[in-house]
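See below for the structure under consideration.
The values are calculated or read from the model by the stated rules, or taken from the named source; none is laboratory data. This one's a predicted model, so the numbers in the text were calculated from it and none came from an experiment. In this analysis, Cβ positions are derived from the backbone assuming ideal geometry, glycine residues included, and neighbour counts consider all displayed protein chains.
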Amino acid sequence: MPRMEVLATPAAMRRWRHRVSGSVGFVPTMGYLHEGHMQLVRRSTGENLHTVVSIFVNPTQFAPGEDFERYPRDEVRDLELLRLAGVGAVYLPSAAEMYPPGYQTYVDVEKVTVPLEGASRPGHFRGVTTVVLKLLNAVQPQKAYFGRKDAQQLRVVKRMVLDLDLDCEIVPCDIVREPDGLAMSSRNVYLTLEQRAAAPVIRRALLEARGLYESGERDADRLRATALAVLAREPLGTVEYISLADDVTLEELSGAVRGPALLSTVVRFGATRLLDNVELG
Ligand code: AMP
């Protein structure tokens, strides 16, 4: 297996990119890798001659008071997993390289960033789109792989790629779950044993609503209420939002659900926000 390169600056990343020929697939991450990330990596290595994975805990997508400082990190383990997976290059820039003194340029995607995570985490998507554009510029992949777990992020990034004429295909990948249904997340390590045992209620709530949808229910309020009723039975979880929205625009639905829709939720266990969703129709 050829050596995996670890690249620490945008310039080093670009030099590597100019050296290789053939298709390049890209998987952006914040590290502390789990099977959800590795699924994206395997999809990329299967579809491209070269795969680049970035590990960058992006300060601009965290609001003050969020978990930027304590976000879990394990670079040694991450690099070993990526090496074994046959990744060609890991892009591991520092915050100082990404945002040097004088930095002042940001990408703002408008409507689709307003609800849900955008409402709960002001400035979050501005940080996400800015860093994703910077990463795409440095890596110049033909395809970039994103998880459906971060459903709004996926839609926001697709919108940016379309609006800014970026020459990159965004490939959505399914949510990877623990055996009990909890969506894998680097943040799951924050949970206490009790919280961890209770957290699969999120999946059960979404499946209950999806079951109702599949049996013919189309009333948006009743579908949201069904999921909420399941979540309400779990005292350790606090529902931050439950949303049934248009699958593309993420505008909240009222009345009858007529087209593809996204049912998504954030439930807080202590200080930990757990995000999950199912697509309907
Ligand atoms: P993160 O490191 O949390 O920023 O995630 C990096 C990428 O992995 C994003 O595209 C996420 O949507 C994706 N991802 C994270 N967790 C999962 C999961 N459980 N299943 C599928 N994709 C995931």
message = Considering only residues that are farther than 13 Å from residue 173 by Cα and crowded, with 21+ Cβ neighbours inside 10 Å, which ones fall in the range 37-52?
response = 50, 51, 52
key: Whichever residue in the range 42-58 is among the hydroxyl-bearing types (Ser, Thr, Tyr) and touching a residue at least 40 places away in the same chain (Cβ under 8 Å) and, among such residues, is farthest from the ligand (Cβ to nearest atom)   = 45
Conditions (1) among the hydrophobic types (A, V, I, L, M, F, W, C); (2) more than 16 Å from the ligand (Cβ to nearest atom); (3) in a loop (DSSP other than H, G, I, E, B): number failed by residue 68 = (2)
query = Got a number for residues in the range 219-255 being over 22 Å from the mean Cα position of the chain (by Cα) and in a loop (DSSP other than H, G, I, E, B)?
reply = 7
key: When residues of the range 219-228 are limited to those that are without any contact (Cβ under 8 Å) to a residue 24 or more places away in the chain and surrounded by fewer than 19 Cβ atoms within 10 Å (Cβ to Cβ), the one nearest to residue 272 (Cα to Cα)   = 228
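Just for helices (runs of 4 or more DSSP H) wholly inside the range 145-218: which have at least 3 residues that are under 16 Å from residue 279 (Cα atoms), outside the structural domain of residue 131 (by TED's automatic domain parsing) and without any contact (Cβ under 8 Å) to a residue 40 or more places away in the chain? Can you show your working first?
Working: elements: 151-163, 193-198, 201-214.
Per the criteria, 201-214.
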query = Right, residue 258: part of a loop (DSSP other than H, G, I, E, B) and touching a Lys or Arg at 6+ places or on another chain (Cβ under 9 Å) or not?
reply = yes
task = State which residue is nearest to residue 277 (Cα to Cα) when the search covers only the range 126-135 and only residues that are buried (at least 21 other Cβ atoms within 10 Å of the Cβ) and within 13 Å of the ligand (Cβ to nearest atom).
result = 128
key: So residue 240, is it within 21 Å of residue 204 (Cβ to Cβ) and of a type in the set (D, E, K, R)   = yes
ask   = Can you spot a residue in the range 89-108 that is touching a Ser or Thr at 6+ places or on another chain (Cβ under 7 Å), crowded, with 21+ Cβ neighbours inside 10 Å and among the β-branched types (Val, Ile, Thr)?
value = no
message = Any residue that is buried (at least 18 other Cβ atoms within 10 Å of the Cβ) and either over 22 Å from residue 241 (Cβ atoms) or touching a Ser or Thr at 6+ places or on another chain (Cβ under 8 Å) (or both) - is there at least one of those in the range 177-186?
response = no
inquiry  = Show the residue pairs meeting these rules: Cβ distance below 6 Å; 6+ apart or different chains; first residue within the range 12-36 and surrounded by fewer than 16 Cβ atoms within 10 Å (Cβ to Cβ); second residue part of a loop (DSSP other than H, G, I, E, B).
reply    = 22/49; 23/48; 23/49; 23/142; 35/176; 35/184
message = So, in the range 18-41, exactly how many residues are more than 13 Å from the ligand (Cβ to nearest atom) and in a loop (DSSP other than H, G, I, E, B)?
response = 4
message = Pairs please, first residue from the range 64-86 and in contact (Cβ under 8 Å) with a residue 24 or more places away in the chain, second anywhere and loosely packed, with under 14 Cβ neighbours inside 10 Å and outside any loop (DSSP other than H, G, I, E, B), Cβ atoms under 6 Å, 6+ apart in sequence or on different chains.
response = 72/189
